[in-house]
Structure formats: C-alpha cells, structure tokens
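*Asks:* One structure, pasted below without further comment.
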Amino acid sequence: MLFRSNLTNVKEVVETMTEIATRTNLPPEFVICTALCEEGFNQAEITSFNSAKATGWFQFTSSEPYPGIKVNYPEDARDTAKATESFCKAAVMRGVEKPNLKIEGNWEEWATTTQQPGKEAYKEDWATNLAKAKRLVTQYPPAQGASLKEGEETQRNSKETKGKGGSGQNTR
C-alpha cells in the first residue's frame with residue numbers, strides 16, 4: 001500500500017485512496033467521490049480552515065472526526081493516507097450497521113451517514129463527482145509493484161518532493 005501523506009498530484013491521490021479503499025473492502029469510487037464532494041481536491045480547502053474549522057481531504061473538524069476514531073487534528077486531516085484511512089474505518093462501521101448502503105444507488109446516503117454533513121448536502125454534485133471518481137479510478141489504477149507495507153517509505157524522499165506546489169508531497 002502507498003502510505004504517502006500531503007499529496008497534490010491527482011494521480012498519486014487517486015492511487016493512494018484507491019489502495020486504502022481496496023484494502024478496507026470499500027469501492028474506491030465511493031471514497032474518492034466523497035472526498036470530491038467535500039473539497040473537490042482543492043488544495044486551499046485541504047490546507048486551510050473554513051468557517052466551521054473544517055480542513056483536509058474529508059473536512060475534519062476535530063480530533064475525533066468520527067465516533068471512536070481519533071486523529072492528530074488538523075495534521076491528519078491534511079494527510080492523504082491518514083485522512084482516507086480514518087474515513088474508510090468510519091464508512092466500514094456505517095456499512096456494517098446498514099449493509100444496504102453498499103449498493104451503488106445508496107452510496108450518497110452512505111457518504112452522508114458517514115460524514116454527517118447535513119441532509120442532502122451532496123445532492124447538487126454527487127452524480128457529477130461520482131462520474132469523475134469513476135473516470136479517475138480507471139485513469140489512475142494503482143501501479144503494479146508500487147505497494148508498500150505500512151511503515152515503509154516510497155522511493156521518493158521528502159527532500160526531493162517538498163515544495164512542488166500545494167502542501168508538498170511528503171512520505172511517511
């Protein structure tokens with residue numbers, strides 16, 4: 001699995017989210033669509049706070065963005081892998097509680113139930129973002145042989161990738 005953190009390159013973001021979603025038995029398109037609905041892969045929304053103090057890939061607002069899931073806020077919210085892992089854990093719990101959420105026609109409800117953004121929060125752009133997420137997953141499948149075990153770093157180091165725009169591309 002790729003365990004990269006503050007990514008700005010769409011290809012690496014999609015690969016990372018896809019690998020984490022797949023590892024947790026979630027549809028990558030669902031995970032990526034939820035992130036797109038939350039912040040549209042907009043680096044300004046990922047790296048700063050909005051009026052509700054939300055930040056990061058899934059717009060966390062505290063050190064416990066989901067019941068029972070603790071994070072180092074706001075740093076983990078902005079870390080691609082850590083934020084995705086936290087979202088996936090919460091989505092898996094919601095899916096266990098209500099298995100019918102896993103049917104593609106219910107994914108928007110699943111995202112809303114997991115994120116708790118308010119009723120019909122994604123209505124305006126869910127379909128558009130789901131189509132985009134499906135294209136991205138097809139366009140950027142995880143690279144063969146690129147998977148790493150937890151704790152290993154990618155071959156790039158933070159010195160080589162720091163400063164390439166957005167929040168940097170550090171590895172952990």
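*Asks:* Just to be sure, is T128 among the polar types (S, T, N, Q), assigned to a helix (DSSP H, G or I) and open to solvent by 80 Å² or more (accessible area, probe 1.4 Å)?
*Replies:* yes
*Asks:* Go over the candidates A77, A90 one by one and state the one that is open to solvent by less than 20 Å² (accessible area, probe 1.4 Å), outside any loop (DSSP other than H, G, I, E, B) and more than 22 Å from K134 (Cα to Cα).
*Replies:* That would be A77, the only listed residue that is open to solvent by less than 20 Å² (accessible area, probe 1.4 Å), outside any loop (DSSP other than H, G, I, E, B) and more than 22 Å from K134 (Cα to Cα).
*Asks:* Across the stretch 1-42, which residue is modelled with the highest pLDDT among those that are open to solvent by less than 30 Å² (accessible area, probe 1.4 Å) and of a type in the set (F, W, Y)?
*Replies:* That would be F30.
*Asks:* Then there's this: Residue check: is V96 out of contact with any Asp or Glu (no Cβ under 6 Å at 6 or more places or on another chain), open to solvent by 70 Å² or more (accessible area, probe 1.4 Å) and either part of a helix (DSSP H, G or I) or not aliphatic (A, V, I, L, M) (or both)?
*Replies:* Yes: the conditions hold for V96.
*Asks:* Sticking with this structure for a sec: Take the residues in the stretch 43-56 that are under 13 Å from the mean Cα position of the chain (by Cα) and outside any helix (DSSP H, G or I), then tell me which one is surrounded by the most Cβ atoms within 10 Å (Cβ to Cβ).
*Replies:* G56
The values are calculated or read from the model by the stated rules, or taken from the named source; none is laboratory data. Computed from a prediction, not measured in an experiment: that's the story for all the values here. Note that each Cβ is placed from the backbone with ideal geometry, even for glycine, and that neighbours are counted across all protein chains shown. Side chains are part of the model used for accessible areas, which takes the heavy atoms of the whole protein and leaves out ligands, DNA and RNA. Shrake-Rupley method; radii C 1.70, N 1.55, O 1.52, S 1.80 Å.
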